[in-house]
1. With a point put 7 Å past each Cα toward its Cβ, work out how far ALA148 is from PHE70 in nm, to one decimal.
2. By per-residue mean of other Cβ atoms within 10 Å, what is the highest-first order of 17-27, 112-122, 212-222, 182-192?
3. Using the Kirkwood radius over Cα pairs, work out the Stokes-Einstein diffusion coefficient for the chain at 10 °C and 1.306 mPa s, in µm²/s as a whole number.
4. Assuming 0.692 mPa s and 37 °C, estimate D for the range 23-135 with Stokes-Einstein, Rh taken as the Kirkwood radius over Cα pairs, in µm²/s.
5. For the chain, what does the helix formula give at 222 nm: sum of -39500 (n - 2.57) over DSSP H segments with n ≥ 4, over the residue count, nearest 500 deg cm²/dmol?
6. Within the chain, which cysteines find no other Cys whose Cβ is under 4.7 angstrom from their own?
7. If packing is taken as the average count of other Cβ atoms within 10 Å, what order do 70-78, 167-175 fall into, highest mean first?
8. Kirkwood hydrodynamic radius (Cα pairs, Å) of the range 62-103?
Amino acid sequence: MKNNHKIIAANWKMNGSEELMNEFSKFMLAKHNEIIICPPFTLLDSAKTLLPSFIKIGAQNCSEEDKGPFTGEISASMLQEKSVSHVLIGHSERRTLFKETDDVIFKKTKAAIKSKLTPIVCIGETLSEKKANKTLQVLDCQIDGSLAKINPHEQVIVAYEPVWAIGTGLTPDENEIKETHLHIKTKLGQHFNADIPVLYGGSANAKNCSQIISIDNVGGLLVGGASLTKHEFIAICNC
Ligand code: PEP
């Protein structure tokens, strides 16, 4: 049976302002899809005040620690106090620029769950791994390293984001997305009791969203660049 309920998550990265949040708030109407906006930490308060309540608020990272001498870090429990319901973990920019390993991603995922946040765990292969035909192997390794020790009763979301597709305007073809999502779903199904949504991320936009979202086992989209343009994002939420 096909589940028509899709998740559309927006990753604003280090972009946005109160003005943009205000602008978005005026145009967001309730949709069949579940919408999650992940602004920078500094905009979490205005997201809560300005956005309609059907939009869920996500953060883009959290610490693996709960509290203590970790200057500049923000814990999952602090995010929960800010009405955050979701948190992106292990985005490829964090893996690459901030050297986050699968073990760190596992610890952050555990911390998020402990604070009753739903983690959106990002996985994906680089271009050289794809060219070496290692995509499925890399995904298995990332899932094993970051999720295998999570209690199977927990609910998480996984975002498949080929690194080479992020911010490049390139996307895998339909068959590639179909194959990878089936592989990820099957692997997650062997561990988790619940049905784990697997989002696709990487250059999703208003033009390609309907096609991508209708591919088997695609549970929704994680959108970067296109989530910063009001009309583009609204079109994606409607797809
Ligand atoms: C992302 O960084 O999570 C992402 C999907 O970016 P973009 O949509 O810009 O490729």
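The numbers here are math on the coordinates, done by the rules we state, and not lab data. All values reported here derive from a predicted model rather than from experimental measurement. Every residue, glycine among them, receives a Cβ derived from its backbone with ideal geometry; neighbour counts consider all protein chains shown.
1. Result: 2.4 nm between the two label points.
2. Those peptides, ordered most packed to least, come out 112-122, 212-222, 182-192, 17-27.
3. 89 µm²/s
4. Taking Rh from Cα pairs, D becomes 215 µm²/s.
5. Helices in the chain give a 222 nm mean residue ellipticity of -11000 deg cm²/dmol.
6. CYS38, CYS62, CYS122, CYS141, CYS237
7. 70-78, 167-175
8. With all distinct Cα pairs of the range 62-103 included, I get 11.4 Å.
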